[in-house]
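*Asks:* Next up is a structure, given as structure tokens.
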Amino acid sequence: MRGLAKVLTCLVLPLALAGVIASPVGAYGGGADHDIWQVGVSFNCNNPDFCGDSLGGFWGWAEFDRSVDGTSTWGDGELAGCRHSVGGGGFSGASHLSFEIESWTIEPGSAGLQTFFFNGKQTDSFRGDTVTVDVAHFDTGISAVPGHYSTSDVLGFDPPPGVAIQIQVAFRPAK
């Protein structure tokens, strides 16, 4: 009986403590008082015939926010990448990109008639070096139309083996 009590104490006590010390967590996005697009991106290329000597990919997310009256736009995004150069040329390693979106528009671009373009700052980190640059009217290649976009949707043709692109766009209007 003592063994059962010890087991229950070991199981229940941590849960009880977690309930006592846990604080409410707010979801990312700043509430429901404005429109929000959430975007997830994954790109992988492990086919040297298609990608040249730059194998690897990048993965990340972005958020595009818009005031209810449409007069103000903002957002941010994060990408992580990994590159493996074939034959020792170029660079190899992991990188990180952060985007501070100061404003954005939806207009015709590389992703069709409703492509996100943004203005703001891009901060690149690679091997301990960090560089921040201003970005103006950057074509993201991301459609503002909610949905799932596969490799053939993005490229316009069936990809060769070793090439995969996935983009997920979700929209939540202000309430």
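The values are calculated or read from the model by the stated rules, or taken from the named source; none is laboratory data. Note that the structure is predicted; figures quoted are calculated from it, not measured. Positions of Cβ are generated from backbone atoms using ideal geometry, with glycine treated the same way; all protein chains shown enter the neighbour counts.
*Asks:* Report, by residue number, each residue of the stretch 137-152 that is within 17 Å of Trp37 (Cβ to Cβ) and either loosely packed, with under 14 Cβ neighbours inside 10 Å or in contact with a Pro (Cβ under 9 Å, 6 or more places away or on another chain) (or both).
*Replies:* Pro146, Gly147, His148
*Asks:* In this structure, is Phe138 modelled with pLDDT of 95 or more, under 19 Å from Gly70 (Cβ atoms) and under 18 Å from the mean Cα position of the chain (by Cα)?
*Replies:* No.
*Asks:* (1) surrounded by 13 or more Cβ atoms within 10 Å (Cβ to Cβ); (2) without any contact (Cβ under 8 Å) to a residue 24 or more places away in the chain; (3) over 18 Å from Thr130 (Cα atoms): which one isn't true of Gly70, the others all being true?
*Replies:* Here Gly70 meets the rest and fails (1).
*Asks:* Which condition number in (1) buried (at least 17 other Cβ atoms within 10 Å of the Cβ); (2) at pLDDT below 95 is the one that Leu155 fails?
*Replies:* The number of the failed condition is (1).
*Asks:* Enumerate the strands (runs of 3 or more DSSP E) found wholly within the stretch 120-175, keeping only those where 2 or more residues are over 23 Å from Gly52 (Cα atoms) and of a type in the set (Ser, Thr, Tyr).
*Replies:* In the stretch 120-175, 129-143 are the strands (runs of 3 or more DSSP E) which contain 2 or more residues that are over 23 Å from Gly52 (Cα atoms) and of a type in the set (Ser, Thr, Tyr).
*Asks:* Within the group Phe116, Phe171, which residue is of a type in the set (Phe, Trp, Tyr), surrounded by 15 or more Cβ atoms within 10 Å (Cβ to Cβ) and within 28 Å of His34 (Cα to Cα)?
*Replies:* Phe116
*Asks:* Here's a follow-up. Looking at the structure I just gave you, is Ala144 modelled with pLDDT of 95 or more and small (Gly, Ala, Ser)?
*Replies:* yes
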